[in-house]
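Presented below is the structure to which this report refers.
The values are calculated or read from the model by the stated rules, or taken from the named source; none is laboratory data. Since the model is a prediction, treat every value here as computed from it, not as a measurement. We place every Cβ from the backbone using ideal geometry, glycine too, and count neighbours over all the protein chains shown. Keep in mind that these areas ignore ligands, DNA and RNA; they rest on the heavy atoms of the full protein, side chains included. Shrake-Rupley method; radii C 1.70, N 1.55, O 1.52, S 1.80 Å.
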Amino acid sequence: RVERMVNGIVRRLESMGDPEIKSETIGELVMDGLAALDPVAYVRFASVYKNFREVRDFETFLGRLEGAEQD
């Protein structure tokens, strides 16, 4: 499943046709893929990608996740 996700991200990046892609674009695609694949991996990646520094950062992020799930 992870390999399929990565292959999908690579295809999306290739289809953009841009020889230079911002790391933010790649990070967001990985976040989207992980959100659909594994919620725990998603939060772990987000904590590094978004540079969580305090417990409050996790709480805020998880609160947004819970709010999005209820929509």
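Could you list, ordered by first residue, the pairs with Cβ atoms under 6 Å in which the first is in region 1-27 and over 15 Å from residue 37 (Cβ atoms) and the second is part of a helix (DSSP H, G or I) and hydroxyl-bearing (Ser, Thr, Tyr), at least 6 apart or interchain?
27/49
Run residue 45 past the list (1) loosely packed, with under 10 Cβ neighbours inside 10 Å; (2) within 12 Å of the chain's Cα centre (by Cα) and report the number of the one that doesn't hold.
Evaluating residue 45 over (1) loosely packed, with under 10 Cβ neighbours inside 10 Å; (2) within 12 Å of the chain's Cα centre (by Cα) leaves (1) as the failure.
Are any residues in region 38-71 under 23 Å from residue 4 (Cβ atoms) and part of a loop (DSSP other than H, G, I, E, B), and if so, which ones?
38
Which of (1) open to solvent by 60 Å² or more (accessible area, probe 1.4 Å); (2) of a type in the set (Gly, Ala, Ser); (3) part of a helix (DSSP H, G or I) is the odd one out, the single condition residue 35 does not satisfy?
(1)
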